[in-house]
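Here's the structure, in structure tokens; my notes come after.
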Amino acid sequence: MNRRNLLKTLSFTLGASIVSTDVLAELGERSFLYNIPENPLHKKLAKPVTAITIGAGNRGMVYGNFAAKFKDQIKIVGVAEPNTFRNDRYAKIHEIESTNRFNTWEEVFKRPKFADAVIISTPDNLHYEPCMKALAMGYDILLEKPISPSEKECRDILALAKKNNRIVAVCHVLRYAPYFVKMKELLAKGAIGEVISVQHFEPIEHTHMAHSYVRGNWHNSKATTPIILAKSCHDLDIIKWVINKPSKQISAMGDLKWFRKENAPAGSTARCADGCKIERQCPYSAVKEYLDLNRRTSVFDVPADVDRKVFIAEKLKTTNYGRCV
């Protein structure tokens with residue numbers, strides 16, 4: 001996008017009037033619209049791909065919601081999920097037969113192959129075994145990133161996928177975003193000349209940081225994966241893909257500097273709802289995030305027949321999501 005032309009357009013058409021986001025969006029559509037070309041390799045499916053979802057939490061729901069919307073492309077026929085609330089919810093959405101509902105991934109593979117593919121959206125450190133078993137049984141796989149915390153396990157998965165001629169599609173979703181598709185195309189055409197260096201930022205918004213990497217599932221890198229895998233695997237992948245050259249070395253620097261007990265301000269308490277004196281002013285307030293703004297609350301598995309706020313308030317008293325960062 002040419003900033004000079006944008007500013008010219010703004011000055012000529014708007015004068016001194018207030019520039020709203022709607023106006024900018026309209027200008028963007030008129031001046032800078034581009035189309036992503038159709039994939040020449042795409043073939044329309046004769047019938048929907050059938051899939052079993054292993055892990056019906058947040059990411060399992062994302063892929064499941066796609067299936068519910070595009071029924072001509074994919075049909076979910078099975079689910080493995082130990083959380084009863086999530087298992088019931090998933091089975092209801094996709095009308096899954098009781099015989100195809102399982103508590104554990106191991107139970108899925110005790111049955112003969114009954115779908116085209118398996119969607120693996122379990123926690124990071126639980127990807128390897130179900131993936132290897134699915135490959136051995138001849139399933140294609142949609143595998144949530146990162147592949148595994150272990151290099152050896154990654155190489156094992158690659159070797160077995162090649163041996164059995166199966167697909168393991170890793171969910172590096174940025175490759176499919178129009179922004180990055182166009183960026184790759186322009187760089188390949190030499191739009192900015194030879195690429196000498198790259199500065200790539202992924203600014204993790206402060207409440208996302210608190211939710212996922214301080215309070216949430218990835219708060220302990222030893223129990224799950226470190227942030228360079230949990231989050232930055234997207235960035236490492238997109239740089240490699242856009243530049244289209246092999247990486248020789250990666251250096252990672254970081255430290256647990258900010259989210260420490262000694263940085264807790266005066267008047268704070270162990271939990272945001274424990275009478276913290278600065279909770280109303282704190283940018284990390286769990287009360288504001290989950291109760292007032294009702295954001296990122298899918299982690300609480302709120303039943304439909306309860307008072308939502310009362311239920312979440314109780315969760316803030318007992319789970320990591322209510323703790324002071």
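The values are calculated or read from the model by the stated rules, or taken from the named source; none is laboratory data. Just so we're clear, the structure is a prediction, and the values are computed from it rather than from any experiment. A quick note on method: Cβ atoms are made from the backbone with ideal geometry, for glycine too, and the neighbour counts reach across all protein chains shown.
Screening ASP255 against (1) in a loop (DSSP other than H, G, I, E, B); (2) charged (D, E, K, R); (3) within 27 Å of ASP88 (Cβ to Cβ) leaves a single unmet condition, (3). Restricting attention to the stretch 147-168, does a residue exist that is among the polar types (S, T, N, Q), closer than 27 Å to ILE120 by Cα and assigned to a helix (DSSP H, G or I)? So far as the stretch 147-168 goes, yes, one or more of its residues are among the polar types (S, T, N, Q), closer than 27 Å to ILE120 by Cα and assigned to a helix (DSSP H, G or I). Residues that are modelled with pLDDT under 90, outside the structural domain of ILE141 (by TED's automatic domain parsing) and assigned to a loop (DSSP other than H, G, I, E, B) are absent from the stretch 181-188 altogether.
Which of the residues that make up the stretch 202-240 are outside any helix (DSSP H, G or I) and polar (S, T, N, Q)? Answer for the stretch 202-240, where residues must be outside any helix (DSSP H, G or I) and polar (S, T, N, Q): ASN217, ASN220, SER221, THR224, THR225, SER232. Would a scan of the stretch 155-162 turn up a residue that is among the basic types (Lys, Arg), assigned by TED's automatic domain parsing to the domain that holds ILE74 and in contact (Cβ under 8 Å) with a residue 24 or more places away in the chain? Looking for residues that are among the basic types (Lys, Arg), assigned by TED's automatic domain parsing to the domain that holds ILE74 and in contact (Cβ under 8 Å) with a residue 24 or more places away in the chain, one finds none in the stretch 155-162, hence no.
Working carefully through the options ASP88, ASP124, ASP156, ASP116, find the one that is of a type in the set (Asp, Glu) and under 20 Å from PRO48 (Cβ atoms). Reasoning before the result, please.
Numbers: ASP88 fails: under 20 Å from PRO48 (Cβ atoms); ASP124 fails: under 20 Å from PRO48 (Cβ atoms); ASP156 fails: under 20 Å from PRO48 (Cβ atoms).
The unique qualifying residue is ASP116.
Name the single residue, out of those in the stretch 69-80 being in contact (Cβ under 8 Å) with a residue 12 or more places away in the chain and loosely packed, with under 14 Cβ neighbours inside 10 Å, that is farthest from the chain's Cα centre (by Cα).
Within the stretch 69-80, the first condition is being in contact (Cβ under 8 Å) with a residue 12 or more places away in the chain, and the residues that meet it are 71-80.
Next, from what is left, pick out any that are loosely packed, with under 14 Cβ neighbours inside 10 Å: 71-73.
Numbers: LYS71: 22, ASP72: 24, GLN73: 21 Å.
Looking at the filtered set, the residue picked out is ASP72.
Table: residues versus (1) touching a strand residue (DSSP E or B) at 6+ places or on another chain (Cβ under 8 Å); (2) farther than 25 Å from LEU229 by Cβ; (3) surrounded by 15 or more Cβ atoms within 10 Å (Cβ to Cβ).
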position	(1), (2), (3)
ALA67	yes, yes, yes
PRO82	no, no, no
PHE85	no, yes, no
HIS94	yes, yes, yes
PHE114	yes, yes, no
SER121	yes, no, yes
GLY138	no, yes, no
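What about ASP88, is it touching a residue at least 12 places away in the same chain (Cβ under 8 Å) and not aliphatic (A, V, I, L, M)? Outline the logic, then answer.
Details: touching a residue at least 12 places away in the same chain (Cβ under 8 Å): no; not aliphatic (A, V, I, L, M): yes.
Taking the combined requirement at face value, the residue does not satisfy it.
Yes or no, residue by residue, for (1) closer than 30 Å to ALA177 by Cα; (2) modelled with pLDDT of 95 or more; (3) in contact with a Cys (Cβ under 7 Å, 6 or more places away or on another chain); (4) not in a loop (DSSP other than H, G, I, E, B):
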position: VAL242; (1), (2), (3), (4): yes, no, no, yes
position: ILE250; (1), (2), (3), (4): yes, no, no, no
position: ARG280; (1), (2), (3), (4): no, yes, no, no
position: GLU289; (1), (2), (3), (4): yes, yes, no, yes
position: SER298; (1), (2), (3), (4): yes, no, no, yes
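Hey, can you tell me all the residues within the stretch 60-107 that are among the aromatic types (Phe, Trp, Tyr) and over 22 Å from ASN125 (Cα atoms)? Talk me through it step by step, then tell me what you get.
Here is the first cut: in the stretch 60-107, the residues among the aromatic types (Phe, Trp, Tyr) are 63, 66, 70, 85, 90, 102, 105.
Within the stretch 60-107, PHE66, PHE70, PHE85, TYR90 meet the criteria.
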